[in-house]
Amino acid sequence: MRQEWSSEDVVAYWTPVGPDWELVANKSGPTRLGFVLTLKFFELEGRFPQFVEEFPPTAVGYVADVVKAPAEDLAKYDLSSRSAKGHRTQIREARGFRPATRPDEERLTGWLADEVCPVELVEDRLREALLVQRRSDRVEPPGRIERIVAAARARADRVFCAQTAARLGEVYARRLLELVAEGDEDGTALLASLKRDPGAVGLDSLLTEITKLTAVRQLGLPEALFADCSEKLVAAWRARAITMYPSDLRDAGEDVRTTLLAALCASQQAKITDALVELLVALVHKINARAERRVERQLTAEPKKVRGKEGILLRMPTPRWADRRGPSARCCTRWSGRRHCAAWSRRRRRTRERSRPRSAPRSAPRTARTTGRCCLPC
């Protein structure tokens with residue numbers, strides 16, 4: 001039970017009501033305080049406390065004020081005493097509960113194996129489901145909860161393995177068992193490749209995944225092998241098979257070995273198919289990106305600036321348009337036309353003007369003050 005309670009929750013859940021006071025009757029002192037705390041504890045948890053320290057301190061102080069008894073008297077209440085056992089019997093009869101028996105444990109084990117274990121694998125949640133079920137059956141929690149959970153999981157595993165082996169049949173089961181047979185290098189290599197993830201995006205990875213998918217499909221596993229099974233259950237068996245070596249698989253029972261290999265191959269077949277789609281899409285994107293970069297390089301390489309173009313323009317002679325028979329005018333006109341030659345001439349003039357050094361600033365007028373002479377003739 002949780003130890004932290006707010007004042008509102010303590011009042012709501014730990015306050016004795018009318019029928020509770022009838023059970024308290026004429027009890028007094030530590031017995032009165034311990035009985036009320038045990039009663040409310042049983043209503044909340046569906047079980048009796050094993051130690052006095054299980055009572056929340058906040059609830060102890062509140063109930064002590066309600067029943068008019070010192071909170072320190074709780075230390076005098078012995079849960080293993082004869083009076084405490086009588087109190088538990090009285091509470092059971094009042095709430096309609098009974099102690100758990102061996103048939104109850106067998107029934108809870110079967111219910112847990114058939115209803116909960118096929119869809120839930122976490123041990124804590126299995127324990128919670130067991131406690132909820134026994135509370136609905138008005139039965140106290142059995143003392144061997146961990147043993148019941150372990151027995152239920154083992155029974156569920158046996159049922160699952162037998163069901164898988166029956167659906168496979170002898171032919172497909174033999175094909176799976178040959179994968180881990182001693183001396184079968186091809187089967188060992190296929191099993192090792194199934195455990196590996198696809199590599200980097202590329203043609204080699206794509207061809208490798210296609211080879212793996214072809215090899216798995218040749219096993220011919222039934223499509224509805226795990227149709228009515230929980231995905232978490234199949235994933236757990238697949239993860240268990242991935243971590244096992246071929247020698248470990250050979251040491252397992254035949255039904256267990258067949259189920260492990262079937263879960264691995266069936267799960268990897270769907271996973272490889274999805275990986276192939278992702279690889280193909282990524283490969284197409286990679287090809288498109290590479291083609292776009294190649295086109296961009298070609299387009300950006302064409303308009304690059306020619307080095308030394310200004311020097312070439314400066315060395316070119318200016319064509320004389322008045323004299324159309326001049327060699328420069330005839331050459332430029334014949335090569336690119338008069339309009340382009342005129343543009344080049346204008347650019348040549350601008351380039352020459354930019355490259356011409358600036359003239360020195362005009363000096364100050366020569367006067368007697370600037371020269372230090374009394375007059376210019378001097």
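Quick rundown of the values:
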quantity: Those residues of the range 244-262 which are without any contact (Cβ under 8 Å) to a residue 40 or more places away in the chain, assigned to a helix (DSSP H, G or I) and either of a type in the set (Ser, Thr, Tyr) or within 12 Å of CYS161 (Cβ to Cβ) (or both), in sequence order; calculated: SER247, LEU260
quantity: Residue count, the range 134-155 (criterion: open to solvent by 20 Å² or more (accessible area, probe 1.4 Å) and closer than 24 Å to ASP228 by Cα); calculated: 5
quantity: In the range 59-93, the residues that are touching a helix residue (DSSP H, G or I) at 6+ places or on another chain (Cβ under 6 Å), part of a helix (DSSP H, G or I), surrounded by 14 or more Cβ atoms within 10 Å (Cβ to Cβ) and not charged (D, E, K, R); calculated: ALA59, VAL60, TYR62, VAL63, ALA64, VAL67, ALA71, LEU74, HIS87, ILE91
quantity: Residues that are buried (at least 17 other Cβ atoms within 10 Å of the Cβ) and without any contact (Cβ under 8 Å) to a residue 40 or more places away in the chain, drawn from the range 164-185; calculated: none
quantity: Matching residues in the range 198-227 - criterion: being within 14 Å of SER267 (Cα to Cα), open to solvent by 80 Å² or more (accessible area, probe 1.4 Å) and either in contact (Cβ under 8 Å) with a residue 12 or more places away in the chain or touching a Phe, Trp or Tyr at 6+ places or on another chain (Cβ under 8 Å) (or both); calculated: ARG217
quantity: Every pair of residues 6+ apart whose Cβ atoms lie under 8 Å, when the first sits in the range 285-310 and is at pLDDT below 80 while the second is surrounded by 10 or more Cβ atoms within 10 Å (Cβ to Cβ); calculated: GLU310/THR351; GLU310/SER355
quantity: Residues that are among the acidic types (Asp, Glu) and crowded, with 16+ Cβ neighbours inside 10 Å, drawn from the range 94-122; calculated: ASP104, GLU105, GLU120
quantity: Positions within the range 4-28 being in a helix (DSSP H, G or I) and within 22 Å of GLU54 (Cβ to Cβ), in sequence order; calculated: SER7, GLU8, ASP9, VAL10, VAL11, ALA12, TYR13, TRP14, ASP20, LEU23, VAL24
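Matching residues to (1) at pLDDT 90 or above; (2) not hydrophobic (A, V, I, L, M, F, W, C):
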| position | (1), (2) |
| --- | --- |
| TRP14 | yes, no |
| ASP20 | no, yes |
| SER28 | no, yes |
| LEU44 | no, no |
| GLN50 | no, yes |
| LEU74 | no, no |
| ARG95 | no, yes |
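The values are calculated or read from the model by the stated rules, or taken from the named source; none is laboratory data. Values in this document were obtained by computation on a predicted structure and should not be read as measured data. When we count neighbours, we look across all protein chains shown, and the Cβ atoms used for this are built from the backbone with ideal geometry, even at glycine. Just the protein is used for accessible areas: all its heavy atoms, side chains included, with ligands, DNA and RNA removed. Shrake-Rupley method; radii C 1.70, N 1.55, O 1.52, S 1.80 Å.
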